[in-house]
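Engineer: The structure is given below, and queries will be raised subsequently.
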Amino acid sequence: MQDVPSVRLQDAKELGRHYTWKKQLLELCSVLVFSALLAVMLYRLWLNVDLRANALLITGAFLASMVVADLISGLVHWLADTWGTVEFPILGPTLIKNFREHHSDPKALARKGLVETNGDNCMILLPAQVGALFIPLAEGRVEWLGFYVFVLSFTFWIMMTNQIHKWAHMDPEKVNVVARFLQRTHVILSAPEHEIHHTVPFESHYCITNGWLNAVLARTRFFRRMEWLGWKIFGAIPRENDIGTEAAVALAIRQGVLPEGFEAGREVVGTRSTPVA
């Protein structure tokens, strides 16, 4: 944006170095365990439920899970873009690093393999999957069935979110036929929808499962209100570490998050282990 000066993104190569073999092994184990638990959840559904008789309930729970997954993907994406640094314990070298890296190098995500793309999401979903195995389906109560299908579908869509995000960054001819069809029909996030987010300084359209909620959240200024609360409560400047203090302050003033004439009294550009390019 012309009225946001000196956007200084962190160096993508330095961010990439935060990915270690130990992290890769953890991700591989997470993908394998998630896949096994997903199979068990589906088997329980097939074994205990009359799918045809409960088709309407199952469909409703499935669609509800898509909306909630899109909202959660937007909240997580916004948090990782807006607050913290890659030095932050646990979340820094995983969640924050991945989102900041692909701001500096949008094609970085498209070059990642299956495990690196989906490992983190699989890992954080394991407790929810294990918990779902204790939901009583044999009793035949519709409220338990609806909740079970919601959890099953929700974990599936959250697991798929980074993969969907990756497809949105890939060259169209390299995306498989099924994914391209789902993108065109807006079942999952499309590349044109996601390109809006990648307009510097990355201030909107954070939802990356299907993007259905992006327009609503933008119109209601949902994330700007959250950033105002972050500044009021913690004194934190949104996106300061991602784009530098000068640009972050100018952007927040323009958005109405910070008051006119606000001065930060400091200058942050990158961090010790992730300098700007």
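The values are calculated or read from the model by the stated rules, or taken from the named source; none is laboratory data. Note that the structure is predicted; figures quoted are calculated from it, not measured. Counting neighbours? That spans all protein chains shown, and the Cβs are built from the backbone with ideal geometry, glycine included.
Engineer: Before we move on, is Leu189 closer than 19 Å to Trp78 by Cβ and touching a residue at least 12 places away in the same chain (Cβ under 8 Å)? Show your work before the answer.
Structural biologist: Details: closer than 19 Å to Trp78 by Cβ: yes; touching a residue at least 12 places away in the same chain (Cβ under 8 Å): yes.
Taking the combined requirement at face value, the residue satisfies it.
Engineer: So, one more: List, please: which pairs have Cβ atoms under 9 Å, are six or more places apart or on different chains, and start with a residue in the range 35-51 that is within 22 Å of Val115 (Cα to Cα) and in contact (Cβ under 8 Å) with a residue 24 or more places away in the chain and end with one that is of a type in the set (A, V, I, L, M, F, W, C) and not in a helix (DSSP H, G or I)?
Structural biologist: Close Cβ pairs satisfying both conditions: Leu37/Leu133; Val40/Leu133; Met41/Leu133.
Engineer: Can you tell me which residue among Ala36, Ala69, Ala61, Ala128 is under 17 Å from Gln163 (Cβ atoms) and assigned to a helix (DSSP H, G or I)? Explain how you work it out, then say what you get.
Structural biologist: Working: Ala36 fails: under 17 Å from Gln163 (Cβ atoms); Ala61 fails: under 17 Å from Gln163 (Cβ atoms); Ala128 fails: under 17 Å from Gln163 (Cβ atoms).
Of the residues listed, the single one that is under 17 Å from Gln163 (Cβ atoms) and assigned to a helix (DSSP H, G or I) is Ala69.
Engineer: Please list, ordered by first then second residue, the pairs with beta carbon atoms under 7 Å, 6 or more apart or interchain, first in the range 113-133 and at positive phi, second part of a helix (DSSP H, G or I) and of a type in the set (A, V, I, L, M, F, W, C).
Structural biologist: Qualifying pairs under 7 Å: none.
Engineer: Just checking, does the range 30-43 include any residue being within 26 Å of Leu189 (Cβ to Cβ), of a type in the set (Ser, Thr, Tyr) and within 19 Å of the chain's Cα centre (by Cα)?
Structural biologist: yes
Engineer: For residues that are in a helix (DSSP H, G or I) and more than 15 Å from the chain's Cα centre (by Cα), scanning just the range 111-125, find the one that is surrounded by the most Cβ atoms within 10 Å (Cβ to Cβ). Lay out the reasoning, then the answer.
Structural biologist: Step one: filter the range 111-125 for residues in a helix (DSSP H, G or I), giving 111, 114-125.
So of that shortlist, the ones also more than 15 Å from the chain's Cα centre (by Cα) come out as 111, 114-115.
Numbers: Arg111: 13, Leu114: 12, Val115: 17.
Per the stated criteria, the residue is Val115.
Engineer: Which ones in the range 58-90 are more than 10 Å from the chain's Cα centre (by Cα), at pLDDT 95 or above and surrounded by fewer than 20 Cβ atoms within 10 Å (Cβ to Cβ)?
Structural biologist: Hits for the range 58-90 are Thr59, Gly60, Phe62, Leu63, Ala64, Met66, Val67, Val68.
Engineer: A follow-up question, please. Of all the residues that make up the range 140-158, how many are part of a loop (DSSP other than H, G, I, E, B) and under 14 Å from Arg44 (Cβ atoms)?
Structural biologist: Step one: list which residues in the range 140-158 are part of a loop (DSSP other than H, G, I, E, B), which gives 140-141.
Imposing the further condition that a residue be under 14 Å from Arg44 (Cβ atoms) reduces the set to 140.
Result for the range 140-158: 1.
Engineer: Kindly check whether there is at least one residue in the range 134-154 that is of a type in the set (Val, Ile, Thr), under 13 Å from the mean Cα position of the chain (by Cα) and surrounded by 19 or more Cβ atoms within 10 Å (Cβ to Cβ). It would help to see each step written out before you state the result.
Structural biologist: Initial filter on the range 134-154 (of a type in the set (Val, Ile, Thr)): 135, 142, 149, 151.
Next, from what is left, pick out any that are under 13 Å from the mean Cα position of the chain (by Cα): none.
No: zero hits.
Engineer: Got at least one residue in the range 132-139 being farther than 29 Å from Thr199 by Cβ, β-branched (Val, Ile, Thr) and either outside any helix (DSSP H, G or I) or in contact with a Cys (Cβ under 7 Å, 6 or more places away or on another chain) (or both)? First the steps, then the outcome.
Structural biologist: Taking the range 132-139 and keeping what is farther than 29 Å from Thr199 by Cβ, we get 132-139.
Filter once more, keeping what is β-branched (Val, Ile, Thr): 135.
Restricting the remaining residues to those that are either outside any helix (DSSP H, G or I) or in contact with a Cys (Cβ under 7 Å, 6 or more places away or on another chain) (or both) gives 135.
Checked against the condition, which is being farther than 29 Å from Thr199 by Cβ, β-branched (Val, Ile, Thr) and either outside any helix (DSSP H, G or I) or in contact with a Cys (Cβ under 7 Å, 6 or more places away or on another chain) (or both), the range 132-139 yields at least one hit.
Engineer: Return the residues of the range 47-57 that are outside any helix (DSSP H, G or I) and either crowded, with 18+ Cβ neighbours inside 10 Å or not hydrophobic (A, V, I, L, M, F, W, C) (or both); say none if nothing qualifies.
Structural biologist: So the first thing to find is which residues in the range 47-57 are outside any helix (DSSP H, G or I), and the list is 49-54.
If the condition is that a residue be outside any helix (DSSP H, G or I) and either crowded, with 18+ Cβ neighbours inside 10 Å or not hydrophobic (A, V, I, L, M, F, W, C) (or both), then Val49, Asp50, Arg52, Asn54 are the ones that fit.
Engineer: Within the range 94-106, can one find any residue that is part of a helix (DSSP H, G or I), touching a strand residue (DSSP E or B) at 6+ places or on another chain (Cβ under 6 Å) and surrounded by 22 or more Cβ atoms within 10 Å (Cβ to Cβ)?
Structural biologist: Yes, the range 94-106 has at least one match.
Engineer: Sticking with this one: If only one of Gly270, Gly265 is on the phi > 0 side of the Ramachandran plot, modelled with pLDDT under 95, touching a strand residue (DSSP E or B) at 6+ places or on another chain (Cβ under 7 Å) and not aromatic (Phe, Trp, Tyr), which one is it? Reasoning before the result, please.
Structural biologist: Numbers: Gly265 fails: touching a strand residue (DSSP E or B) at 6+ places or on another chain (Cβ under 7 Å).
Criteria check complete, one pass: Gly270.
Engineer: Here is a follow-up. Out of (1) surrounded by fewer than 18 Cβ atoms within 10 Å (Cβ to Cβ); (2) of a type in the set (Lys, Arg); (3) touching a helix residue (DSSP H, G or I) at 6+ places or on another chain (Cβ under 7 Å), the odd one out for Arg44 is which?
Structural biologist: (3)
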